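Notes for the one structure printed next.
The values are calculated or read from the model by the stated rules, or taken from the named source; none is laboratory data. Only a predicted model underlies this, so the values are computations on that prediction, with no experimental measurement involved. Counting neighbours? That spans all protein chains shown, and the Cβs are built from the backbone with ideal geometry, glycine included.
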Amino acid sequence: MSSSCLCSMFLSIEICEYIYYSGLHYFGIDPVWLAAIIPIKTYSNAEADKVTILKENKNQSGIYMWTNNINNKKYIGSSGNLRARFLKYFNQNHLLENSSMNICKALIKHGYSNFSLTIIEYCEVSELLEREKYSWKLFKPEYNIAQDPTAPMSGRTHSDDTKRIMSGENHPNYGKNLSEETRTKISDALQGKPKVEGSGKPSQVIEVTDITNNTTISYDSISEAAKALNIKQSTITNYILRNQHKPYKGIYTFKKDQQG
């Protein structure tokens, strides 16, 4: 048997296995058609494969999918920096702070060992939303609240209290016709109101370098970097203010992005 035939045979076997374990065989999906979107890789146990996940996805952008191995529910997301995104998922503080998200809530409840992580595809950052939307249509992920990645608020419902807040109904001047004089006084008062020190300043982009593998990741703020590394914000702040050069815990160095 030729090598090309052997490759085709093994590919067919992998396709059939993927169809079975992902549950797609219930929908009668054609294996030949599915071959065009076979995931790049799947980590069957997110807890056991954590180190490999972070190592293999550094400097990569693409579409990923969490799958609950207990109930087969899925969550699909995308990121221009997959390693940084996965660092957040592996941070318990991040999960607790975002427990309103179904996937974070599920990871807390069932644990990483009961989830598999699939890299559906690697793609350019400019293609992320389009490719993520395509994957949503294919897998119909139950943990995703929104119905369209390009419109994150779609599919969400708000409580009556939230709707009242959004409408401004609770404001004392709601529904009132204010005189021109009153409007002027309010405007003058707002313009003359002193701002809280530091308000209006843009977030400072922080570069974090892991000297053990010589990789650098940029974070939009000190708080984001601290959350990703599961350390205190003050640790990074003091490191920068004191102009330190010795790697924190022998691993990380921090500096402000001069273009941030």
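If you go through the stretch 95-135 and keep only what is among the small types (Gly, Ala, Ser), over 16 Å from Ser79 (Cβ atoms) and exposed (fewer than 15 other Cβ atoms within 10 Å of the Cβ), you end up with Ser99, Ser100, Gly111, Ser113. The set of residues in the stretch 63-86 being more than 16 Å from Lys105 (Cα to Cα) and surrounded by fewer than 22 Cβ atoms within 10 Å (Cβ to Cβ) consists of Ser79, Gly80, Asn81, Arg83, Ala84, Arg85. Of all the listed residues (Gln92, Gln191), the sole one being closer than 30 Å to Asn59 by Cβ and either surrounded by fewer than 14 Cβ atoms within 10 Å (Cβ to Cβ) or modelled with pLDDT of 90 or more (or both) is Gln92. Output the residue which, of all residues in the stretch 92-118 that are assigned to a helix (DSSP H, G or I) and of a type in the set (Ser, Thr, Tyr), is farthest from the chain's Cα centre (by Cα). Ranking the candidates gives Ser113 first. Test Pro152 against the criterion of being at pLDDT below 90 and under 16 Å from the mean Cα position of the chain (by Cα), and give yes or no. Against the criterion (at pLDDT below 90 and under 16 Å from the mean Cα position of the chain (by Cα)), Pro152 qualifies.
In the stretch 206-224, what residues are over 19 Å from Gln60 (Cβ atoms) and hydrophobic (A, V, I, L, M, F, W, C)? Listed by number, the residues that qualify are Ile206, Ile211, Ile222.
From the list Ile240, Ile231, Ile217, Ile236, the one residue that fits, being touching a strand residue (DSSP E or B) at 6+ places or on another chain (Cβ under 9 Å) and assigned to a strand (DSSP E or B), is Ile217. Close contacts from the stretch 60-89, counting a first residue that is among the charged types (D, E, K, R) and a second that is in a helix (DSSP H, G or I), with Cβ to Cβ under 8 Å and a gap of 6+ residues or different chains, come to Lys73/Ala106; Lys74/Phe139; Arg83/Leu54; Lys88/His94; Lys88/Lys227; Lys88/Ala228.
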